[in-house]
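In what follows, a single structure is set out as structure tokens and then discussed.
The values are calculated or read from the model by the stated rules, or taken from the named source; none is laboratory data. These numbers were taken from a predicted model, which means no experiment stands behind them. When we count neighbours, we look across all protein chains shown, and the Cβ atoms used for this are built from the backbone with ideal geometry, even at glycine. Heads up: the accessible areas ignore ligands, DNA and RNA and are worked out on the full protein's heavy atoms, side chains in. Shrake-Rupley method; radii C 1.70, N 1.55, O 1.52, S 1.80 Å.
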Amino acid sequence: MSIRLEHINYIYSQGSAYEKHALKDVSLEIPQGQFVGIIGHTGSGKSTLIQHLNGLLIASSGALYYNGQNIYQDKYDMKSLRSQVGLVFQYPEHQLFEVDVFTDVCFGPKNQGLSKQECEIRAKEALELVGFPEKHYSQSPFELSGGQKRRAAIAGVLAMRPKVLVLDEPTAGLDPKGRDDILDQIAQLHGQTGMTVILVSHSMEDIARYVERIIVMNKGTKMLDGAPREVFSHYRELEQVGLAAPQVTYIMHGLKERGIDVRTDATTVEEAAEEISGTLHFLRGHR
Amino acid sequence: MIRDITIGQYYPAKSCIHRLDPRVKIVSTLLFLISLFVQNSLLGYAAATVFLGGVIRASRVPLKFIVKGLKAVVMLLMFTVVMQLFLTKGGDVLADFRIFEITEKGLRTAVFMAVRLIYLIIGSSIMTFTTTPNALTDGMESLLRPLNRFQVPVHEVAMMMSIALRFIPILLEETDKIMKAQIARGADLESGNIIQRTKAMVPILVPLFVSAFRRANDLAMAMESRCYNGGENRTRMKPLVYKTGDYMAYAVTVIYLTATFVLGRFVPFHLWIF
Ligand SMILES: Nc1ncnc2c1ncn2[C@@H]1O[C@H](COP(=O)(O)OP(=O)(O)O)[C@@H](O)[C@H]1O
Ligand SMILES: [Mg+2]
């Protein structure tokens, strides 16, 4: 159970004046159950990359395997792929269209050919998973607040019970609280369901404390790929492409340069605080 | 998916034609189109070919693109040519199919009608390939300004046109995104009978309209908060000013017109089409 990309290239509007080579020789493998962050500057090809995962975009060259099967082979069942790899687009609330939230969330399962009853069970389950309050189920999706709309839209994809959930910048345009709420909810979702979760973002700070692996995209190529602390250790290269490691990385490196012997691979504020106080304790003891 | 429509599209390049004032391009294109329809001598068309060829070369738009634009109207072209071929009578009969016949005059008219239409399409698409929609509406507004005297709201019409043009690519992109999002939720847009397909459009059209209204609203708000209230006393940040190159372009057009006129009037009779 995994997704494997081999030498994927993608070119938009090939042969026209607006030709754009958006993905260049991208290879990677994502095992089932992993919580992955894809990060990169605007225009680095993140959205293009993830649209390949459920076959919405077909690579100009290269191969993509889902569970070991080449999805570009003849007669591959794209519809089933799309219900197994759920893709939540950027600003997903722009896709809401039904008269009420509950019916809208039922749209996905209905397209899967499930019975009305089953659709409702799944819709309810999905709305609960994203923490959408029950009292708003029968409200028009257009009357909700930004954060609630987004939850409803994410539930619309979750209701299909995908094995892989891909979210394109799920926090774009939300306030800091709404952002943290959504991210916490997604992390919780990953813990509860064992789904593969792929989280796209352009902010390191956002995803650093959640994901177990970070893939850094730059100008259509895969620049770095590894555990967060490993990726952040390349903070100078990240800066050069307009990204930044979390602030704690800078603090730890700064301390080290000034002669305080701390480990520099902390990724969250909590870890850093612990490391610093531990080191200070140690130094005091030796005075 | 939807983005591959090329007709009326701008082709970004750096060329002397791209740099020309939009008014020059509009006026010259119009004159060129008129010249196509008033002349009917072989040498006149030769002059048109030279003129058009020169402009295409100077514009740096690949020929491939121009031909692509022609493909869209190929049906219309065929229809016109066939009609001309069979329905124009005169001169020797070349072929006789009992019910209809092809005459010498019919053949000539058909051939030249085809050339006219092709030149017409190429001529006007050169204008849209080398001029941004915004520059085009600016040029139109400036050229039509005298109509203000007759109570025609020239500025308002031009503003509406440029807004509409500006929104076409945005709405196409939006449609593309919404379609993808619904396909990702399992929507089936391709199969089924006409009723099922129409129903399948609802999840696309509702969000599209919602978004169009939202954008219209935002735009109106933004314009009002910058105190926009129509054309009166409004000045431009970049007023259209003729430069040397523009006068030269006008001169080239005038030379072309004179040439076709002279050639049309004074060439030997046997080179005439009708
Ligand atoms: N539909 C499209 N047509 C043409 N070019 C596109 C299209 N979508 C994206 N691009 C271009 O491809 C590049 C990568 O875009 P994208 O994958 O959206 O980046 P990101 O999601 O990282 O911001 C950008 O340069 C963008 O302009
Ligand atoms: Mg994107």
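Here are a few things to note about the model shown:
- Neighbourhood charge, 11 Å Cβ-Cβ cut-off, centred on B:Gln39 and excluding it, Lys, Arg +1 and Asp, Glu -1: +2
- DSSP loop trypsin sites (Lys or Arg not before Pro) with at most 10 other Cβ within 10 Å: longest gap in chain B: B:99-225
- Residue-count net charge about A:Leu96 - beta-carbon cut-off 9 Å; Lys, Arg +1, Asp, Glu -1: -2
- Of all beta bridges that DSSP places with both ends in chain A, some 50 percent have antiparallel geometry.
- Oblate is the label for region B:2-271, because the ratio a/c of its alpha-carbon gyration tensor axes (a ≥ b ≥ c) is 1.5 or higher and a/b is not greater than b/c.
- Bridging of B:Lys71 to lysines at a Cα separation below 17 Å is possible for none of them, once same-chain residues fewer than 8 apart are set aside.
- Aspartates and glutamates with Cα under 16 Å of B:Lys89, excluding same-chain neighbours fewer than 8 positions away: B:Glu101, B:Glu104
- Most tightly packed first, judged by the mean number of other beta-carbon atoms within 10 Å of their residues, the peptides A:168-180, A:189-201, A:98-110 read A:98-110, A:189-201, A:168-180.
- Per residue, region A:246-287 exposes 72 Å² of accessible surface when a 1.4 Å probe is rolled over the protein heavy atoms with every protein chain present.
- Percent of beta bridges antiparallel (DSSP, the protein assembly as shown, rounded to nearest 5): 55 percent
- Prolate/oblate/rounded label for region A:246-287 (Cα gyration tensor, a/c 1.5): oblate
- Efficiency of FRET between A:Thr221 and B:Met161 - r from beta-carbon atoms, R0 41 angstrom, step 0.05: 0.50
- Compared with the dominant principal axis of the Cα atoms in chain A, helix A:269-285 is inclined by about 20°.
- Beta bridge orientation in region A:162-285: antiparallel %, DSSP, nearest 5: 50 percent
- For chain A: rounded, prolate or oblate by the Cα gyration tensor [a/c cutoff 1.5]: oblate
- Shielding value for A:94-101 is 5, the average number of Cβ atoms from other chains within 10 Å of each residue's Cβ.
- Helix-derived mean residue ellipticity, 222 nm - over the protein assembly as shown, DSSP H n ≥ 4, -39500 (n - 2.57), to 500: -17500 deg cm²/dmol
- Of the DSSP H helices in chain B, those that are both long (alpha-carbon extent of 27 Å or more along the helix axis) and hydrophobic (Kyte-Doolittle mean at least -1.0) are B:104-130, B:154-184, B:194-225, B:244-266.
- Relative contact order for region A:165-281, counting Cα pairs under 8 Å that sit 6 or more residues apart, in percent: 18 percent
- Of the solvent-accessible surface of chain B, computed with a 1.4 Å probe over protein heavy atoms with every protein chain present, carbon and sulfur atoms account for 69 percent.
- Distance from the alpha carbon centroid of region B:196-260 to that of region A:23-76 works out to 38 angstrom.
- Accessible surface for A:Ser80 stands near 40 Å², nearest 10, in the context of the full protein assembly shown (1.4 Å probe).
- The fraction of accessible area contributed by carbon and sulfur in chain A is 49 percent, rounded to a whole number (1.4 Å probe; ligands and nucleic acids excluded).
- Largest-first principal axis extents of the Cα set of region A:56-171 (Å): 46, 32, 21
- Buried on assembly, region B:159-180 (at least 40 Å² less accessible surface than by itself, 1.4 Å probe): B:Lys180
- For chain B: relative contact order, % (alpha-carbon pairs under 8 angstrom, 6 or more apart): 32 percent
- In units of the rule-of-thumb radius 2.2 N^0.38 Å, the protein assembly as shown shows an alpha carbon radius of gyration of 1.29.
- Exposed-loop-free span, longest in chain B, where GluC sites (Glu not before Pro) count as exposed if DSSP calls them loop and at most 10 other C-beta atoms lie within 10 Å: B:1-189
- The B and A chains share an interface that buries close to 2000 Å² of accessible area, total over both sides, probe 1.4 Å.
- Shown here for region B:1-93: chymotrypsin sites (Phe, Trp or Tyr not before Pro) in loop regions (DSSP other than H, G, I, E, B) with at most 14 other Cβ atoms within 10 Å, of which there are none.
- For B:182-194, mean number of other protein chain Cβ atoms within 10 Å: 6
- For region A:4-123, fraction of C-alpha pairs farther apart than 25 Å, in %: 36 percent
- Set of lysines with alpha-carbon distance to A:Lys163 below 26 Å, sequence-local pairs under 8 removed: A:Lys46, A:Lys75, A:Lys79, A:Lys110, A:Lys116, A:Lys124, A:Lys149, A:Lys222, B:Lys177, B:Lys180
- Relative contact order (%) - criterion: Cα under 8 Å, at least six apart; region: region A:246-287: 34 percent
- Helix axis angle, A:116-129 relative to chain A longest principal axis, alpha carbon, degrees: 20 degrees
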